[in-house]
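Okay, so here's the structure we're looking at.
The values are calculated or read from the model by the stated rules, or taken from the named source; none is laboratory data. Quick caveat: nothing in here was measured; it's all calculated off a predicted structure. Cβ: placed from backbone, ideal geometry, glycine included. Neighbour counts: every protein chain shown.
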Amino acid sequence: MAKKPMAESEGPKPEAPRIPSNIIFIGKKSPLVYATAAFMQITSGHDAILRARGRAISTAVDSVEILKRRFLKDVLVIKEIKIGTEVMPPREEGFRERNVSTIEITLQKSA
């Protein structure tokens, strides 16, 4: 099969920024899935950072509560909580920008 020549707009794609392995992005899965991922990160000796925005914020908080109550009872320490707002571009032409709330929860194992 012959190789299709690259169009001018199909140049090499710029590399996406590297995301550290200890960051867990919260989405639409069950909070238990994210709690398990954070548990694996914490037990390997690293801090776990849960990041969420919009409706996923409640899932992030639920994940931390599962970690505190089921997995790491007295060992889990919430090191830092950052909250903020991101300005998202309009979904369609003619609409305005949207403000979306964000949260970042840093967890670690106490010594």
Evaluation of PRO17 against (1) over 13 Å from the mean Cα position of the chain (by Cα); (2) at positive phi (one fails), failing number: (2)
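If I ask for residues that are free of Cβ contacts under 8 Å to residues at least 60 places away in the same chain and either over 26 Å from MET88 (Cα atoms) or over 16 Å from the mean Cα position of the chain (by Cα) (or both), which ones from the stretch 46-63 would you list? Break it down into steps so the answer makes sense when it comes.
Here is the first cut: in the stretch 46-63, the ones free of Cβ contacts under 8 Å to residues at least 60 places away in the same chain are 46, 49-63.
Selection gives HIS46 alone.
Looking at ILE105, ILE81, which is the one that is closer than 21 Å to ILE23 by Cβ, among the β-branched types (Val, Ile, Thr) and surrounded by 16 or more Cβ atoms within 10 Å (Cβ to Cβ)?
Values: ILE81 fails: surrounded by 16 or more Cβ atoms within 10 Å (Cβ to Cβ).
Answer to the selection: ILE105.
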Pick from the stretch 62-78, criterion surrounded by fewer than 19 Cβ atoms within 10 Å (Cβ to Cβ) and touching a strand residue (DSSP E or B) at 6+ places or on another chain (Cβ under 8 Å), ranking: farthest from ILE103 (Cα to Cα): VAL75
Qualifying residue in the stretch 30-46 (condition: at pLDDT 90 or above, surrounded by fewer than 17 Cβ atoms within 10 Å (Cβ to Cβ), touching a strand residue (DSSP E or B) at 6+ places or on another chain (Cβ under 8 Å) and more than 22 Å from ILE19 (Cα to Cα)): no
Subset of the stretch 43-74 (residues that are closer than 13 Å to LYS28 by Cα and among the hydrophobic types (A, V, I, L, M, F, W, C)): ALA52, ALA56, ILE57, ALA60
Extreme residue, farthest from ALA35 (Cα to Cα), among residues of the stretch 64-111 that are free of Cβ contacts under 8 Å to residues at least 24 places away in the same chain and among the hydrophobic types (A, V, I, L, M, F, W, C): PHE95
